[in-house]
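Asker: Here it is, the structure in full.
The values are calculated or read from the model by the stated rules, or taken from the named source; none is laboratory data. Quick caveat: nothing in here was measured; it's all calculated off a predicted structure. Note that each Cβ is placed from the backbone with ideal geometry, even for glycine, and that neighbours are counted across all protein chains shown.
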Amino acid sequence: MALVHCPVCNKRNSDKAKACQHCNTPFDGDQEAMARQKRIRKIKQQASLTTHSFAALTMIVGAITLYFWGLETPSPERAMTAYSLGVVGSIWYMVSRVRLFLSKRSS
């Protein structure tokens, strides 16, 4: 018994299986249905990465708002919180955008 990769979810399955145990894609040879499911999975992945990018941008905007709230000099705790949110949001945004770029490039 050999292990083969599902063309849709890319998880390992037995070569004797009639369908993928993870995504239930039949291995009966219907190439059009398998290609359609693969496209749908790719679109969902790209939508998820885009949502992550927007969430990271929201975190960055929140950090800027927290720092400048009330136009007064922020307390050290508030400043550190704003810096931390900004750094985490920036890193998260960059990672999400790189993953999205690589995802679109591979398709």
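Asker: On the given criteria, is MET1 outside any helix (DSSP H, G or I) and at pLDDT below 90?
Answerer: The answer is yes for MET1.
Asker: Are any residues in region 52-107 touching a residue at least 60 places away in the same chain (Cβ under 8 Å) and surrounded by 13 or more Cβ atoms within 10 Å (Cβ to Cβ), and if so, which ones?
Answerer: Residue satisfying the conditions is SER103 alone.
Asker: Let me ask something additional. Restricting attention to region 7-22, and to residues there that are closer than 26 Å to LYS104 by Cα and at pLDDT 80 or above, which single residue is surrounded by the most Cβ atoms within 10 Å (Cβ to Cβ)?
Answerer: Per the criteria, the residue is CYS20.
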